[in-house]
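Colleague: Just passing along the structure, written as structure tokens.
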Amino acid sequence: MRILLTGKNGQLGRCFQDICSPSKHELMSYGSDELDISQTDQVLSAVAEVKPDIIVNAAAYTAVDKAEDESDKAYAVNELGVKNLAQAAQQLGIPVIHVSTDYVFDGYGVEPYKPSDPTTPQGVYGASKLAGEKRLAQICTQYIVLRTAWVFSEYGNNFVKTMIRLANQRDSLSVVADQYGCPTYAGDLAQAILQLCDQYQQTGELAWGTHHYCGDLPTSWHGFARTIFAKAEQVGLIQSKPQLTAISSAQYPTPAKRPEYSVLDMATLTNLDVSCSPWLVALDRVLETLKRDTQE
Ligand SMILES: NC(=O)c1ccc[n+]([C@@H]2O[C@H](COP(=O)([O-])OP(=O)(O)OC[C@H]3O[C@@H](n4cnc5c(N)ncnc54)[C@H](OP(=O)(O)O)[C@@H]3O)[C@@H](O)[C@H]2O)c1
């Protein structure tokens, strides 16, 4: 099957390329310099030329805080970009697998969010991603939206890499302890998307609509940091664990408000045999990889 992948240089894009077997699928991957999804002409001509069997959209404007001042840019990628991909896919009669975010929810929930729960984004990034979801649903008859959260990997910028960098610079760190979510390894998310591609290839069908994909164990950023430091010390990525202080969101103000609670209910996917991201296992693997990278 021929897969057109956008956002090839991001965390998800890179992980997807790592695991997509050339013997099974022909993968045509594009970075933003090769295919800017906000440019309608570029999208239409790339899709018409490649004639993929499916589009996987890993491209997004993901600068959550900057988005508050760059609303136009966020919407250009996260809404218009998705609309462009949706229209191109619909013209060709092919499906789109698109990735969205827990930030579409307000974060005041007390139990895991279901795909059907009401959406109330608290910032520009979440609102622009929700606008993209809506465009996709309006235009495409065959689409999957996979909402995910707290993505980490060996690639790009993410919480795991930031914590390790800071632990090597400081003796003590304060991390927010009143926001809860599920860390998700980008490689596991890529695997789930590939599983959906395989299923589509075999059956020509998928459970079209919106689903959630995330890690298997909820934690706080503080809890996540504590786990990262313990494992990073074992692997030798940091000399010693910094003193870790739990603080509240109010003590760490950010331009964009974060959801306090963004645990996602994955039931609609686990019912289809797509398992949650075992993020503790994935974290070990990511830390080993980062350690290897420092030795090269
Ligand atoms: N990271 C998280 O914690 C998180 C949480 C929830 C949901 N998500 C969602 O998960 C998906 C993957 O996230 P990620 O962490 O892999 O993101 P990422 O590492 O920031 O990668 C996003 C990629 O999108 C590309 N991009 C930006 N504007 C583009 C444009 N106009 N045209 C084409 N490509 C463009 C960027 O390319 P360049 O770098 O070349 O510009 C970048 O490589 C996104 O949909 C994101 O919203 C992420």
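Colleague: How much mean residue ellipticity at 222 nm does the chain get from its helices, if each DSSP H run of length 4 or more adds -39500 (n - 2.57) and you divide by all residues, to the nearest 500 deg cm²/dmol?
Modeller: Working: 10 runs with 115 residues, N = 296.
Helix-only estimate at 222 nm: -12000 deg cm²/dmol.
Colleague: Over what distance in Å are the Cα centres of region 240-296 and region 118-159 separated?
Modeller: What the calculation gives is 17 Å, centre to centre.
Colleague: What is the set of long-range amide H partners of residue 173 at a cut-off below 5 Å, with H atoms built 1.01 Å from backbone N?
Modeller: 243, 244, 245
Colleague: A follow-up question, please. Leaving out ligands and nucleic acids, and using a 1.4 Å probe, what accessible area per residue does the chain come to in Å²? Could you put the intermediate results ahead of the total?
Modeller: On the way: 13240 Å² over 296 residues.
In whole numbers, the chain has 45 Å² accessible per residue.
Colleague: How much length is gained if the chain between residue 72 and residue 207 is pulled fully straight, taking 0.36 nm per residue apart and subtracting their Cα-Cα distance, in nm to one decimal?
Modeller: 45.4 nm
Colleague: Based on the alpha-carbon gyration tensor of the chain, what equivalent-ellipsoid semi-axes (square roots of 5 times the eigenvalues) come out, in whole Å, largest first? Could you put the intermediate results ahead of the total?
Modeller: Details: eigenvalues 199, 92, 66 Å².
Result for the chain: semi-axes of 32, 21, 18 Å.
Colleague: Can you give the Kirkwood hydrodynamic radius of region 159-222 from its Cα pairs, in Å with one decimal? Kindly include the intermediate steps, with their values, before the conclusion.
Modeller: Details: mean 1/r = 0.0679 Å⁻¹.
It is 14.7 Å.
Colleague: In addition: Projected onto the charge dipole of the chain (+1 at Lys/Arg Cβ, -1 at Asp/Glu Cβ, origin at the Cα centre), which of 22, 174, 76 gives the Cα projection farthest towards the positive end?
Modeller: Farthest towards the positive pole: 174.
Colleague: Could you tell me the accessible area of residue 164 in Å² (1.4 Å probe, neighbours in place), rounded to the nearest ten?
Modeller: Accessible area of residue 164: about 20 Å².
Colleague: Further question: Could you tell me what percent of the accessible area of the chain is made up of carbon and sulfur, with a 1.4 Å probe and every protein chain present? Could you put the intermediate results ahead of the total?
Modeller: On the way: 6140 of 13240 Å².
On the chain, the fraction of accessible area on carbon and sulfur atoms equals 46 percent.
Colleague: Express in nm, to one decimal, how much length is gained between residue 195 and residue 235 on full extension, taking 0.36 nm for each residue of separation and deducting their alpha carbon distance.
Modeller: Working: separation 40, 0.36 × 40 = 14.40 nm, distance 3.10 nm.
So the chain would gain 11.3 nm between residue 195 and residue 235.
Colleague: Quick one: angle between helix 124-139 and the longest Cα principal axis of the chain, in degrees between 0 and 90, rounded to 10, please.
Modeller: Compared with the principal axis, the helix lies near 20 degrees.
Colleague: May I ask which of 24/241; 66/134; 8/231; 73/291; 83/231; 83/257 have a Cα-Cα span longer than 32 Å here?
Modeller: On the way: 24/241 43 Å; 66/134 23 Å; 8/231 29 Å; 73/291 35 Å; 83/231 41 Å; 83/257 26 Å.
The pairs that break the limit, which is 32 Å between Cα atoms, are 24/241; 73/291; 83/231.
Colleague: Please give the contour-minus-distance gain from residue 116 to residue 267: 0.36 nm per residue of separation, less the Cα-Cα distance, rounded to one decimal in nm.
Modeller: Full extension from residue 116 to residue 267 adds 53.2 nm.
The values are calculated or read from the model by the stated rules, or taken from the named source; none is laboratory data. Bear in mind that the values here come from a model prediction, so they are computed numbers and not experimental data. Neighbour counts are summed over all protein chains in view; Cβ atoms, including those assigned to glycine, are modelled from backbone coordinates with ideal geometry. Side chains are part of the model used for accessible areas, which takes the heavy atoms of the whole protein and leaves out ligands, DNA and RNA. Shrake-Rupley method; radii C 1.70, N 1.55, O 1.52, S 1.80 Å.
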